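The values are calculated or read from the model by the stated rules, or taken from the named source; none is laboratory data. Just so you know, these numbers come straight off a predicted model, no measurement behind them. Cβ coordinates were reconstructed from backbone atoms using ideal geometry, including for glycine residues, and neighbour counts include every protein chain displayed. Surface accessibility is based on the protein's heavy atoms, side chains included, excluding ligands, DNA and RNA. Shrake-Rupley method; radii C 1.70, N 1.55, O 1.52, S 1.80 Å.
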Amino acid sequence: MREQLHAIGISYWRSATLRAAIKLDLFHLLGERAMTCEQITRQLEAKNPRRVGSFLDVCTVLGLLTRNGDRYRNSELALTWLQPDRSTYYGDLMMHLTNHWNTWAKLDELVINGSAELPFESGFVSERQYWSDYMLGQHNRVLTGQGDNLVQYVDLTDKYVLLDLGGGTGGYSIAICQAYPQIQVDIVDQAEPLRIARRLVKDAGFEARITLIEADMHKVRLDKQYDTVLMSGIFVLQSEAENRQILQSTFDFLRPGGLVIIQDYLRLEYGKERHYLDTMMNLFMQLCFTPKAGDWHGRDVGSWIRDAGFTDVREIPVPTHLAIMTAKKPGA
Ligand SMILES: C[S@@+](CC[C@H](N)C(=O)[O-])C[C@H]1O[C@@H](n2cnc3c(N)ncnc32)[C@H](O)[C@@H]1O
């Protein structure tokens, strides 16, 4: 029991080590090579080789590096997920999650006053850096499995016009366009995410199929009707009232027979590990985004969807942290 307490007390050491190694570009520096502490110290232009050695040893005990004699290498974990030039890169998401460090350091204060604090509000990172890590982090998630899940678990074979509300970097829209050549997409989001989306959509070669619309998704007026609306990572950021309102707008955006897809952190009771993550996520969202946010129960979201007029509500369990729910607008 005492060990459990101790482990909780020092768990931030792990997170800090990962963050520092990414910031120092250590995994990229090593690549496929084996390097000594002296070589790494020189490359990092660090002042104290003993300090660098201690740091490398911590990376090693955490399984981020391996050590053979006096040489360090990337572990399989770091080679697979922490090489910035690979499509399996997960480091932006790790930076995004640890950008909220300062906010968690004030947890006691925030529990009492009920407010949220974004990383740039305390000056922990700049606003530009915050958006870049946040959005590229979401993109890491798409490229490391969630994009494939979405197109595999939701059949869009007979769909042609999709609206991606709060589409961020456009990662899911790109995955959908790759899997379904007949689909055209409109993405609605704010200026900063769309700045990144513009580049990624161009790089993917989908400028003709994906249109970016800068607007507030709660107020946007759209002059066409869609057969699919995707909302990914939206419900977790909003209050019940806002989620109910966006479902009502979605109902209006859809043609009869249209499909709404909600992909999010939702509490669907898939076991102990998931319960832990949902409980942590629920607080994280409230502290680090907005007090009205929350990791909502799937059954509550299901009832909001039905109240908006949708039928055929389905929960689709996927083998990742996110959950998927779909429903249909009656008719056709
Ligand atoms: C968690 S991110 C999800 C991004 C993307 N859908 C994904 O799953 O990767 C939430 C997105 O919602 C956008 N968003 C939040 N409130 C919005 C609003 N009122 N109007 C438009 N976009 C909004 C944010 O800018 C952000 O890109």
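A few comments on the model shown:
- Relative contact order %, region 144-328, counting alpha carbon pairs below 8 Å whose residues are six or more apart: 19 percent
- Space enclosed by the convex hull of the alpha-carbon atoms of region 1-124, per residue, Å³: 152 Å³
- The chain: relative contact order as a whole-number percent, Cα under 8 Å and 6+ apart: 12 percent
- Rounded Å value of the spacing that divides the Cα centres of region 199-241 and region 101-115: 32 Å
- Using a probe of 1.4 angstrom and keeping all protein chains present, the accessible surface of region 1-120 works out to 62 square angstrom per residue.
- Stokes-Einstein D (µm²/s) once Rh is taken as the Kirkwood radius of region 144-328 over alpha-carbon pairs, at 4 °C in 1.567 mPa s: 78 µm²/s
- Among 23-32, 162-171, 3-12, 181-190, the order from most to least packed when residues are scored by Cβ within 10 Å on average: 162-171, 181-190, 23-32, 3-12
- Set the Cα radius of gyration of the chain against 2.2 N^0.38 Å, with N its number of residues, and you get 1.09.
- Between the Cα long axis of helix 127-141 and the first principal axis of the chain there is an angle of about 80°, rounded to the nearest 10.
- P(r) tail for region 33-84: Cα pairs beyond 19 Å make up 22% of the total.
- Semi-axes of the equivalent ellipsoid for region 139-221, Cα gyration tensor, largest first, Å: 19, 15, 12
- Estimated translational D of region 50-120 in µm²/s (Stokes, Kirkwood radius over Cα pairs; 4 °C; 1.567 mPa s): 88 µm²/s
- Computed from the Cβ-Cβ distance with R0 of 45 Å, the FRET efficiency linking Ser15 to Ala208 stands at 0.60.
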